[in-house]
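None of the figures in this text is laboratory data; all of them are computed from the coordinates on show. Quick caveat: nothing in here was measured; it's all calculated off a predicted structure.
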Amino acid sequence: MTTPSSDEPVYDDRVYRSPMAVVTGVLLLALIAWLCGDAVVRGEGTTRWTALAIAFCAVPLTVAFTLRPAVFANDDRMRVRNPFRVIELPWAAVDVVRAGYSAEVLAEGSKYQLWSVPVSLRERKKATRAAGRRDARPGGQGGAAPNPAQVPDEPLRAGADKVVDELRELAERGAGRPGAQGSVTVRWAYEIIAPAVIGAVALIVLWATV
C-alpha cells in the first residue's frame, strides 16, 4: 500500500453553488435598493431612517440566503459556506456525504447541510423516468446490443445527486492524504449577523418611538 506524500499537489477548489439562488439574490437586492433608495430620497421624517434600517437588515439576510451559500472542495478538504456559518471539513473527518431530501455531510457526530446544493425531488423523478425510458428502448437493457455512440457515458442523475457523487469521490480519494487530516472547524459569519441584528434593532426602536 502506498502512503500519500505530503508533496502531492492540491488542485484549485471546485466550487458548487446554486445559479437560481444567485439570480434570485441579485433581483432581490435590486428591489431592495430601488424601494429603500426611493424612500430615502423622497421620504420625510422617520421614513428615511426606517428605510435605511430595513435595508441594513434586509441586505445581509438576502446575501446570506442567496449569494453567500457555496461549497468549495479540493483534494484535502471541503469548505461549506452556509448563511451564517463556515464549516471546514478535512476529508479524513468526513463520515459520509449524502442527498436525501437535502444535501448534507456527516462528520464527527454532527450533520451539516449544504445550502448551495438544493435537492429537487422533481428533477430526481424526471431523471429516473428518463433513465427508465432509455433502458426500455431497443438497444437499452434487455434489448439488442446498444450503439456506443448513442449511449451516454454516465447514468442519468439529478444535479444534486451528481454533486454529492463528486464530493463523495473526493472524500474517499483524499481521506488518506496528509493534508486531509484534522478536525472539523466552525466559524460564525459575524459579518452577516452583526449588520442584520443592528438593522433589526434600529427598526424596532424606530417603530417603538413613532
- For L114, list long-range residues whose amide hydrogen, built 1.01 Å from N in the peptide plane, is under 5 Å from its own amide hydrogen. A103, E104, V105
- The set of residues whose placed amide H lies less than 5 Å from the amide H of R14, leaving out same-chain residues fewer than 5 positions away, is A73, N74
- Query: In segment 1-114, what is the volume of the convex hull around the alpha carbon atoms, normalised per residue and reported in Å³?
  - Reply: 147
- Item | Derived scalar couplings ³J(HN,Hα) [segment 41-48; Karplus, 6.51 cos²θ - 1.76 cosθ + 1.60; whole Hz; x for Gly, Pro] | 6, 9, x, 10, x, 6, 4, 5
